[in-house]
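Heads up, the thing below is written out as structure tokens.
The values are calculated or read from the model by the stated rules, or taken from the named source; none is laboratory data. The structure displayed is predicted, hence computed values, not measured ones. Methodologically, a virtual Cβ is constructed for each residue, glycine included, from the backbone with ideal geometry; neighbour enumeration extends over all protein chains shown. Note: accessible area is taken over every heavy atom of the protein model, side chains too, but ligands, DNA and RNA are not part of it. Shrake-Rupley method; radii C 1.70, N 1.55, O 1.52, S 1.80 Å.
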Amino acid sequence: MKTIFLTEGEKHVRDALRLMLEHQSNLIIVGEASTAENTLAQVCQLLPDVILLDWSLPGLHPQRLFSALRQCCPETLILATSVKPEQESIAMKFGADAFLLKQLPPDQFVSVLITAVNQKENPK
């Protein structure tokens, strides 16, 4: 069982993500946040296995947020999410472990997320 923390600036998107992930028997949602500051405050206490991180999260610049997240939970898998595919290279450069497009169909989104979690767990 892997713990996951959801960060998403838009409540309706966060609700949809939660709904998708609640049906995964190997994932448990341990917290949610809608801003960078709330994310840091909770994540540093909860130390989840995975952070699903909205690339456009209000608050800190993504580079500063990634740096702070890596300091408080260096082993946590950070999966950046966005509606803009062109942001993938920047997210990866800043330290994301994987990048997911929000507009993927739900089953494909979950499949990509599970694949990223499994790759971290079983590196080649």
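Numerical summary
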{"read-out": "13 Å reach of a label modelled at Met1, 7 Å along Cα-to-Cβ, counting backbone N of segment 25-48", "value": "25-30"}
{"read-out": "Rounded accessible area per residue of the chain, 1.4 Å, Å²", "value": "53 Å²"}
{"read-out": "Rounded, prolate or oblate (a/c below 1.5 giving rounded, otherwise prolate when a/b exceeds b/c) for segment 20-59 by Cα gyration tensor", "value": "oblate"}
{"read-out": "Those residues of segment 23-45 whose amide nitrogen sits under 16 Å from the label point placed on Lys11, 7 Å along Cα→Cβ", "value": "32-35"}
{"read-out": "Ranking by accessible area, most exposed first, for Leu100, Leu40, Leu19 with a 1.4 Å probe", "value": "Leu19, Leu40, Leu100"}
{"read-out": "Surface share of carbon and sulfur [accessible, 1.4 angstrom probe, percent] for the chain", "value": "53 percent"}
{"read-out": "Relative contact order, percent, the chain [alpha-carbon distance under 8 Å, six or more residues apart]", "value": "22 percent"}
{"read-out": "Inter-label distance for Gln71 and Gln42, nm, one decimal - labels placed 7 Å from Cα along Cα-to-Cβ", "value": "2.1 nm"}
